[in-house]
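The values are calculated or read from the model by the stated rules, or taken from the named source; none is laboratory data. Since this is a predicted model, take the numbers as computed values, not measurements. As a convention, Cβ positions derive from the backbone with ideal geometry for all residues, glycine included, and neighbour counts pool all protein chains shown.
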Amino acid sequence: MELKKIGDVKFIDGGVCAAKGFKANGVQCGLAHAGASVTKKKNDLALIVADTECTTAAVYTTNKVKGAPILVTKEHIKDGKAKAVIVNSVNANTCNPDGVEKAEKMCQLAAKALGIDENDVIVASTGVIGQVLPIEPIANAMDELKDGLTYDGNKRALEAIMTTDTREKEIAVEFTVDGKTCTLGGMLKGSGMIHPNMATTLTFLTTDAAISAEMLQQALSDVVKVTLNRASVDGDTSTNDMVCVLASGGAGNKTITSDGEDYASFENALYNIMLNLARMMARDGEGATKLIECSVSGAKDEKTAETVAKSVICSSLFKAAMFGEDANWGRILCAVGYADADFDINQVDVKIGSAKGVIDVCKNGAGVDFSEDKAKEILGEEVIEIIISIGDGAGEAVAWGCDLTYDYVKINGDYRS
């Protein structure tokens, strides 16, 4: 799947280690589910460390049930500063009576190994909810985790945060601020329990750009709204969702402290990262075979367009039709029609497209003649576009989803085994 580029950025390798001054590592500490075979074991504990203290920002799930790591991380970055991230997979450390204690202990273990303050450590967990997190395997692995930190350890760390993910999701870009070349990179885990409502994932971002904590938080909050918050796999918003970004200032640019050209350059770089991570996440939906990109234009405002686009990509009937490569446009119009938004259904036009072409399937709220053979050819591609116009307004938005397949049920029917 090709990356989408917006504005003046250059895609590079390196993920969370692409920016100057960031090391990472991932190890297998032994958190595998009880009874899991050796072949299912992989890295399950990751560490990201900056050479210097970083300004930091984060956004979190809106689920009322929140993982203990989120509660601890919120406290630790109240001052807008952090230096390290420790994260485990397999166990979400959520809905446990000792959850906060275990999350704090993870920070303490990392801080001791690194010789830093535990309040400068961000902690995150992903995996099964409601199972007590054993701290001993994590403690026993800390020396190996710390000793293996390298400036090219991004792949090891990425493996450690993956659960049902089948594809690696990492990206980095170079961009210019104040005449200096800056880098921003990140990695994401997310394949199921994904629905728009911040943040739909665990995502870790690093940059060597110099930017204040306030402007970093503004950029992250704004960009998440139009990227990760517009991606859905299955309609379930997780309990542990978190996106955090660390900015070291190592690029040497004048610190960004307000809106302007430099801030716009940084925000665009962040948008490129989050846009492509959102698309990667939707494409790797559990059991998915296709990425679906739904664009809506002609709305009275952006919120209306967003509501309609999300309604379409969340429709189980529509998603199933995309798996079957069936141009059943009535399911698209149905989802458009029950969207909680105000527009004239008689002005709705729908097209379907892919690398194989684009065809009209609905004009002014009614079907039009089209070639079923051509439609089948279009829907046979990996990336499918649903192009909708709902009037002549200026509002527009894009949302991302995936098809619904037999494998989604198989994966989630035995998730704990």
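Pairs are defined by a Cβ separation below 7 Å, a sequence spacing of at least 6 or placement on different chains, a first member in the stretch 356-369 that is within 14 Å of G330 (Cβ to Cβ), and a second member that is in a loop (DSSP other than H, G, I, E, B) and not hydroxyl-bearing (S, T, Y); the pairs so defined are V361/A327; V361/V368; V361/F370; C362/V348; C362/V368; G365/V348.
The set of residues in the stretch 118-155 being in contact with a His (Cβ under 9 Å, 6 or more places away or on another chain), part of a strand (DSSP E or B) and modelled with pLDDT under 95 consists of V128 alone. Checking each residue in the stretch 47-96 for being over 19 Å from the mean Cα position of the chain (by Cα) and of a type in the set (A, V, I, L, M) picks out V49, A50, V65, A68, L71, V72, I77, A82, A84. Here is the figure for the stretch 59-75: residues that are at pLDDT 95 or above and surrounded by 22 or more Cβ atoms within 10 Å (Cβ to Cβ) total 2.
F370 satisfies every condition listed in (1) among the aromatic types (F, W, Y); (2) part of a helix (DSSP H, G or I); (3) farther than 30 Å from L202 by Cβ except (2).
Taken over the stretch 24-47, residues that are in a strand (DSSP E or B) and modelled with pLDDT under 95 amount to 0.
Hey, can you tell me all the residues within the stretch 10-31 that are among the β-branched types (V, I, T) and either crowded, with 20+ Cβ neighbours inside 10 Å or closer than 30 Å to E136 by Cβ (or both)? Walk me through how you get there before you give the answer.
Restricting attention to the stretch 10-31, the residues satisfying the condition of being among the β-branched types (V, I, T) are 12, 16, 27.
Those that are among the β-branched types (V, I, T) and either crowded, with 20+ Cβ neighbours inside 10 Å or closer than 30 Å to E136 by Cβ (or both): V16, V27.
Take the conditions (1) under 17 Å from the mean Cα position of the chain (by Cα); (2) modelled with pLDDT of 95 or more; (3) crowded, with 24+ Cβ neighbours inside 10 Å; N268 misses just one of them, which is (3). Within the stretch 360-391, the set of residues being within 32 Å of the chain's Cα centre (by Cα) and exposed (fewer than 15 other Cβ atoms within 10 Å of the Cβ) comprises K376, G380, E382.
Only a single item in (1) within 25 Å of the chain's Cα centre (by Cα); (2) assigned to a helix (DSSP H, G or I) is not met by I292, and it is number (2).
Of these, A139, A157, which one is buried (at least 20 other Cβ atoms within 10 Å of the Cβ) and among the aliphatic types (A, V, I, L, M)?
Working: A139 fails: buried (at least 20 other Cβ atoms within 10 Å of the Cβ).
None of the other options fit; the residue is A157.
Exactly one residue out of G80, G14, G115, G21 is within 30 Å of T289 (Cβ to Cβ) and modelled with pLDDT of 95 or more, and it is G14.
Among the conditions (1) buried (at least 24 other Cβ atoms within 10 Å of the Cβ); (2) modelled with pLDDT of 95 or more, E302 misses just one, which is (1).
I'm trying to understand the selection: among the residues of the stretch 159-188, which are closer than 13 Å to T201 by Cβ and either more than 13 Å from the chain's Cα centre (by Cα) or aliphatic (A, V, I, L, M) (or both)?
Residues of the stretch 159-188 that are closer than 13 Å to T201 by Cβ, as a first pass: 161-165, 169-170, 186-188.
Scanning the stretch 159-188 gives I161, M162, T163, T164, M187, L188.
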